[in-house]
Every structure is written in structure tokens, then in C-alpha cells.
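First the structure, in the form of C-alpha cells, and then the observations on it.
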Amino acid sequence: MTMMPRLDARERLARAQDVALGSGTLDEDVKRDLLEELTNVARGPRRAKAATRRDIAGAGIGIRVSPPKAEPGPASSSEAVGDGNV
């Protein structure tokens, strides 16, 4: 199985970079790149942009738009004026 040696190598490289970063022996450009990469990983993935109708239609997905719901109108005349019954 090749995944375990590859994973081990990646972890060893990460540890070596951590030691080099902490010891101050890296060039400023390399140091900045490593810190930027670590910061981006720590923040997590960026939120994906919401798909537009054009994006969805371009993917071949049909969209049906329903008409907006009607707002409830004013109360009926018997409720507004009152029918005299209490």
C-alpha cells in the first residue's frame, strides 16, 4: 500500500518545515509563504459563491419560479366595523 509511506513523508516534511520556521533559518519569502499557507488552512475553506440562475441553467437544471404569495389584505368589513355582537 502506497498511502502510508506518502502520508508519513508528508507529515515528516511538515515537521521539518515547522522546525525551520521556528528556528528562524528560513528566508523571509519562504517564511511568509509557509505562514500564509498555514493561516489559510487554519481558516478553513472559503464559502462558495451562490449559484445564479444562469449558472444553474448552464448546468442543465430547470428552474420553475412560483408567483409571490399574496399579502393578507385588510380585515373584512364586518370585522373592521363590528357587527354589534359582543
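Listed by position, the helices (runs of 4 or more DSSP H) inside segment 1-71 whose residues that are of a type in the set (D, E) and either out of contact with any helix residue (DSSP H, G or I) (no Cβ under 8 Å at 6 or more places or on another chain) or open to solvent by 70 Å² or more (accessible area, probe 1.4 Å) (or both) number at least 3 are 3-23, 28-43. Under 8 Å by Cβ, and 6 or more places apart or on different chains, what pairs join a residue from segment 36-56 that is farther than 16 Å from D18 by Cα with one that is modelled with pLDDT under 90? Final answer for the pair search is R53/I63; I56/I63.
The values are calculated or read from the model by the stated rules, or taken from the named source; none is laboratory data. Predicted model, so just to flag it, every value in this text is computed and none were measured. Every residue, glycine as well, gets a Cβ built from its backbone with ideal geometry; the counts of neighbours run over all protein chains shown. Accessible surface areas use protein heavy atoms only, side chains included; no ligands, DNA or RNA. Shrake-Rupley method; radii C 1.70, N 1.55, O 1.52, S 1.80 Å.
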